[in-house]
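Heads up: the structure comes next, in structure tokens.
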């Protein structure tokens, strides 16, 4: 690694932003200035600083999300309705029949005779020491939901977080299979229609095991 006598543009911008654009008057300015001094004296610490920055981002992000669970599945003509929410509110995400069946199997803890695509992805993650940290349903745009898959990899150098864009159905299938937490962006959760009453009626009409559709082939 080259000696960081002059900071590359992205790093310089980040440094200026963290210091209040050079004012040095923010509550964290002294601590950040000292940390940047360590980076300049010891360039190898740049990766450590980057990891610390990701941890701060994670903490801040958690304040903007709400924990939820998959509370029910209902097969329909157009696919499978996933009821996502908590004790106060539930909303629906429509997924394909095949994905609904995969998620239903994961929730029940059952397995297909041969590994399905999401099973294979899980095996690959395990082989490389990667775990699903969490899933976040982020927004609804043009009648389509978007989600982020947060992965964590542990190594001798420390912990690394990677955030990927993904379909909610794929992300929820992985989260259900690995029993990982699911979140919804607070702004989105406030905007979606509450379907709690519909879920309650389904529960009354069909007691016992929740509907899950046919197993995928």
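Since every read-out is calculated from the coordinates, none of them should be taken as a lab result. Bear in mind that the values here come from a model prediction, so they are computed numbers and not experimental data. We place every Cβ from the backbone using ideal geometry, glycine too, and count neighbours over all the protein chains shown.
Some observations on this one:
- Cβ-based exposure ranking for 95, 131, in which fewest neighbours within 10 Å come first: 131, 95
- Projecting label points 7 angstrom from Cα along Cα→Cβ for residue 128 and residue 110 puts them 3.2 nm apart.
- When 135, 90 are sorted by how many other C-beta atoms sit within 10 angstrom of their C-beta, beginning with the fewest, the order is 90, 135.
- By the beta-carbon count within 10 Å of each Cβ, the least crowded to most crowded order of 128, 189, fewest first, is 128, 189.
- For the pair residue 163 and residue 120, label points projected 7 Å from Cα toward Cβ lie 2.9 nm apart.
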